[in-house]
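Have a look at the structure below before the remarks.
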Ligand SMILES: O=P(O)(O)OC[C@H]1O[C@H](O[C@H]2O[C@H](CO)[C@@H](O)[C@H](O)[C@H]2O)[C@H](O)[C@@H](O)[C@@H]1O
């Protein structure tokens, strides 16, 4: 296991900021109501102006779209809904012209059941593709082979009449898990990535890649809610590091790619291994622990106010642990699977602007590579929907049905879906205050948030006080302030009930971030050493309130105030 610290801070992507594009909801140029690749190409100047230099494009391959593209039926194609291969080639050319980079989303834990591999595999037990997937006989008394649960609800096993066996599907029943024990599958995965690398992409975001190695005994789990659903037998599984090292040898290394692994329910120790350069696996990892601090006992489909201390503790332990272990964090508050952080951890109403800036400053001061999910940079909140029929996401629809079947009233189930649904993040990008927020000339596949007349790109781009301008400043700082890349992290707030405060320190400079996460004024006592230090060498790098606290031991912070200072050495 890698515990040796890597001091290589030189890789270019350690100073980059990634922009995540959910293409369905980004920009529609055809009037179909669904965003497309040409729509993204048209907005590259916007992303460049923001200062982001890598685009993570979510799946645009052929797909039945049961899970919005995470169910791939042909890994070497472009779904006509998004355009053509020529559109894709234009996108890569336009990115290169702007000195920007492209990361594609690769989904190889599973494929769609419409993929030709699965269509062949299900035909007979001796089909050459049978072992591309995970087939098991029914349990001795009949029924599913074990009690593993799908992450989208129900059993993880699907019965197939044709051969009288079950196949494993950890997500939707149309997303069949690939069998990574099979060398041919591993070759296929490497080959399809080579295909895209040869087309000039710069890297990959690897979907739930830490689930690819399953315990081959397929034991029953204890059945306890969430933790007993089988995940211990396939998360960071027995051969996962071996498989990823193989991908590195076959593709990532030879093409010098930037890679980020999405690590579902992972551990710090595994993420150090996945992302320490000496291990030759990934460039960096996503983990989700800080986004589960409002799950009572880990249960996603129950509500509670978020645990602020847990949030700070988790972010801090990953900062320190990854730094010491030589790993590298992908930093994020938002993505296409999460409700908007603004609505979850701060105030998306009266203090929306200050809140959005506060969250941004808090995250962009940390060590790692920050990711901005479309709309975050203008402070888009969760939409306030009233009907279950407004939701589109398969997970949300399944879980609503299951919760009602299990005895919740429709109103109770709806309240949970409204807070937790992935659709909260998937509403169309708000470009301007024209019809459909400028996203489409047609009918959008999912409703535009009704607040678009006051929350949109057009109004914010030229406004120096906007959320957009705040992000632009933070992103620019990553290029100019070395301490943001290499500074070690020191937590300063010692369990303050309102404030999250930390320092970053390299051998020259010290950076200090202080954020009030509440609607009440807060007083924060700065550790003496820092309070005395400051003064002459102190410089304010970012702030979100006109009243900048007077530097000293006691910092007075307005509601949702957040400031970043540097003390130059
Ligand atoms: O919540 P975790 O157990 O830590 O898992 C992280 C996320 O994993 C899944 O997301 C990804 O895979 C899905 C299937 O391909 C796809 O639907 C999703 O869009 C991907 O990002 C899971 O669906 C998420 O809810 C978890 O947050």
So, in the stretch 452-473, how many residues would count as being under 14 Å from residue 378 (Cβ atoms) and surrounded by 14 or more Cβ atoms within 10 Å (Cβ to Cβ)? 15
Are any of the residues in the stretch 94-108 within 22 Å of residue 62 (Cα to Cα), surrounded by 15 or more Cβ atoms within 10 Å (Cβ to Cβ) and away from the ligand (no atom under 16 Å from the Cβ)? yes
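For every residue, the table says whether it meets (1) within 16 Å of the ligand (Cβ to nearest atom); (2) in contact with a helix residue (DSSP H, G or I) (Cβ under 9 Å, 6 or more places away or on another chain).
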| residue | (1), (2) |
| --- | --- |
| 24 | yes, no |
| 34 | no, yes |
| 45 | no, no |
| 57 | yes, yes |
| 70 | yes, no |
| 77 | no, yes |
Return the residue satisfying two criteria in turn: it lies in the stretch 16-43 and is out of contact with any strand residue (DSSP E or B) (no Cβ under 8 Å at 6 or more places or on another chain) and within 20 Å of residue 333 (Cβ to Cβ), and of such residues it is surrounded by the most Cβ atoms within 10 Å (Cβ to Cβ). 25
How many residues are touching a helix residue (DSSP H, G or I) at 6+ places or on another chain (Cβ under 6 Å) and either within 16 Å of the ligand (Cβ to nearest atom) or outside any helix (DSSP H, G or I) (or both) if we restrict to the stretch 342-365? 3
Of the residues that sit in the stretch 44-58 and are touching a residue at least 60 places away in the same chain (Cβ under 8 Å) and in a loop (DSSP other than H, G, I, E, B), which one is surrounded by the fewest Cβ atoms within 10 Å (Cβ to Cβ)? 51
Would you call residue 490 surrounded by 17 or more Cβ atoms within 10 Å (Cβ to Cβ) and more than 29 Å from residue 310 (Cβ to Cβ)? no
Pull up the stretch 139-150, narrow it to residues that are within 15 Å of the ligand (Cβ to nearest atom) and in contact (Cβ under 8 Å) with a residue 24 or more places away in the chain, then point me to the one that is nearest to residue 172 (Cα to Cα). 149
Can you give me the ranges of the strands (runs of 3 or more DSSP E) entirely in the stretch 519-569 with at least 3 residues that are at pLDDT below 95? none
Note on the stretch 449-493: residues without any contact (Cβ under 8 Å) to a residue 24 or more places away in the chain and in contact with a strand residue (DSSP E or B) (Cβ under 9 Å, 6 or more places away or on another chain) are 490
On the given criteria, is residue 285 within 20 Å of residue 108 (Cα to Cα), part of a strand (DSSP E or B) and away from the ligand (no atom under 15 Å from the Cβ)? no
Would you check if residue 272 is under 27 Å from residue 309 (Cβ atoms), more than 16 Å from the ligand (Cβ to nearest atom) and either modelled with pLDDT of 95 or more or in contact with a strand residue (DSSP E or B) (Cβ under 7 Å, 6 or more places away or on another chain) (or both)? yes
Scan the stretch 296-341 for residues that are part of a loop (DSSP other than H, G, I, E, B), within 11 Å of the ligand (Cβ to nearest atom) and either more than 24 Å from residue 360 (Cβ to Cβ) or at pLDDT below 95 (or both) and jot them down. 300
Single match in 501, 495 (criterion: more than 24 Å from residue 373 (Cβ to Cβ) and surrounded by 18 or more Cβ atoms within 10 Å (Cβ to Cβ)): 501
Need pairs with beta-carbon distance below 6 Å; first residue touching a residue at least 40 places away in the same chain (Cβ under 8 Å) and within the stretch 93-120, second within 16 Å of the ligand (Cβ to nearest atom) and assigned to a helix (DSSP H, G or I); sequence gap 6+ or separate chains. 108/189; 109/211
Condition check for residue 261: part of a strand (DSSP E or B) and closer than 28 Å to residue 292 by Cβ: yes
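The values are calculated or read from the model by the stated rules, or taken from the named source; none is laboratory data. Computed from a prediction, not measured in an experiment: that's the story for all the values here. Note that we place each Cβ from the backbone using ideal geometry, even for glycine, and neighbour counts take in every protein chain shown.
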